[in-house]
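The values are calculated or read from the model by the stated rules, or taken from the named source; none is laboratory data. Just so we're clear, the structure is a prediction, and the values are computed from it rather than from any experiment. Backbone-built Cβ (ideal geometry, glycine too); neighbour counts: all protein chains shown. SASA here: full protein model, heavy atoms, side chains in, ligands and nucleic acids out. Shrake-Rupley method; radii C 1.70, N 1.55, O 1.52, S 1.80 Å.
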Amino acid sequence: MVKITGTTQILAVIGDPVKHSFSPLMHNAAIAQMALDYVYVALPITATDLADAVRGFETIGLVGFNITIPHKQAILPLLSEVSDVAQAVGAVNTVRWTGSGWAGTNTDVEGFLSPLVAMEKDWSQTSAVVLGNGGAARAVVAGCAQLGCAEVHVVGRSAEKLAAFEQSWAGSAFGQNLQVHTWDALGELMPGAGLVVNTTPVGMSPKVEASPVSQEVMTKMQAGAIAYDLIYVPNPTRFLREAQAQGAIVLDGLEMLVQQGAAALRIWTGGEVPVDVMRKTLKGHLGL
Ligand code: NAP
């Protein structure tokens with residue numbers, strides 16, 4: 001249990017809504033293990049109250065905070081520093097007080113990368129296929145660029161949204177090998193893909209029998225390719241089950257969730273973070 005005293009410092013997650021966030025559970029378990037005089041709370045903040053709230057956080061001396069929907073972009077003008085990766089993604093999920101302003105970054109990229117980096121693979125010949133072109137896809141594209149993937153193909157439903165997505169990376173070092181396609185191109189992309197990442201919500205509970213990829217296209221997935229689903233419930237998803245049947249290596253979204261939180265806690269505390277405690281707490285809560 002976190003012990004709250006007169007000196008306890010505050011960390012938070014802000015969003016609207018925020019009551020379903022797993023972050024307080026995961027972070028407070030780690031804080032207790034680290035024996036830090038911190039507490040992590042969820043604060044519902046509406047879009048119109050965001051600027052006032054952030055000014056208030058300075059007044060009450062918050063150490064830092066996480067940001068979830070719908071503030072990940074809106075927070076940007078309220079920050080005094082934004083990391084290169086957060087600028088490229090166009091979204092901030094972690095902020096810390098520097099002593100003179102708020103510095104923001106995006107730990108979703110580090111969270112996404114964590115299980116891939118652990119594979120100690122050479123990615124320079126890998127073609128990555130990213131399913132979906134929403135917020136999470138942006139972190140995945142930046143992550144694939146950091147890995148050094150030879151090609152990054154983003155597949156989406158709307159040619160208009162895809163064009164805007166592609167345009168938003170123009171001139172960014174993180175968007176160099178990016179190409180966008182509509183879903184009908186997936187059958188041709190799949191045989192050459194070494195990494196296939198689902199960033200769509202298709203297959204998420206309760207519609208667990210859905211998959212973003214048709215059975216016919218799944219048969220084109222290479223044995224030995226990596227199939228990564230950002231969804232963490234159900235675990236595994238139908239996409240991952242079918243990928244495994246093809247001989248793919250499968251990764252689920254739980255580790256990304258844990259590692260983006262661990263990366264944030266590292267930024268705030270500078271200390272070694274008990275990632276295993278965070279993972280175990282989350283798994284217990286989700287019944288995994
Ligand atoms: P988002 O911004 O709403 O983007 C969702 C994307 O999926 C959009 O490109 C959307 O296409 C596409 N999509 C939605 N329904 C589809 C369908 N039926 N068929 C094909 N494409 C479809 O959401 P997000 O924030 O990126 O989150 C996406 C998923 O990632 C969620 O399941 C979320 O839980 C998961 N996630 C996991 C983590 C983690 O830590 N593990 C972190 C972030 C997100 P349109 O643009 O055409 O609408």
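Considering only beta bridges that DSSP places wholly inside segment 76-227, some 20 percent are antiparallel. Here the spin labels are modelled as points 7 Å beyond Cα on the Cα-Cβ line, and at His285 and Thr48 they lie 3.0 nm apart. Relative contact order of segment 31-163, taken over Cα pairs closer than 8 Å and 6 or more residues apart, is 17 percent. For Glu120 and Gln222, a Förster radius of 25 Å and the Cβ-Cβ distance give a FRET efficiency of 0.80, rounded to the nearest 0.05.
Look at the alpha carbon pairs under 8 Å that are at least 6 residues apart: their mean separation over the length of the chain gives a relative contact order of 16 percent. In order along segment 3-20, phi translates into HN-Hα couplings of 9, 9, 10, x, 10, 4, 9, 10, 10, 7, 10, 10, x, 7, x, 9, 5, 8 Hz, rounded to whole numbers, per the Karplus curve 6.51 cos²θ - 1.76 cosθ + 1.60 with θ = phi - 60° and x for Gly and Pro. Here the Gaussian network model covers the chain, with springs between Cα atoms less than 10 Å apart; of Ala263, Ala139, Ala164, Ala164 fluctuates the most.
Here each label is just a point 7 Å from Cα along the line to Cβ, and for Glu188 and His20 those points are 3.8 nm apart. Under the combined filter of DSSP loop state and at most 14 neighbouring Cβ atoms within 10 Å, segment 2-66 retains these trypsin sites (Lys or Arg not before Pro): Lys3, Lys19.
Applying Stokes-Einstein at 10 °C and 1.306 mPa s to the Kirkwood radius of the chain, computed over alpha-carbon pairs, gives a translational diffusion coefficient of 81 µm² s⁻¹. For segment 110-252, the per residue solvent-accessible surface stands at 46 Å², with DNA, RNA and ligands left out and a 1.4 Å probe. Using a cutoff of 8 angstrom between alpha carbon atoms and counting only pairs six or more residues apart, the relative contact order for segment 110-252 works out to 21 percent. The local environment of Leu25, defined by Cβ-Cβ distances under 13 Å, has a net charge of +4 under the rule Lys, Arg +1 and Asp, Glu -1. By accessible area, using a 1.4 Å probe on protein heavy atoms only, the chain has 52% of its surface on carbon and sulfur. Where both bridge residues fall in segment 1-127, DSSP classifies roughly 35% of the beta bridges as antiparallel. Rounded to a whole number of µm²/s, how large is the Stokes-Einstein D of segment 158-263 at 37 °C and 0.692 mPa s, given Rh as the Kirkwood radius over C-alpha pairs? Approximately 220 µm²/s, per Stokes-Einstein.
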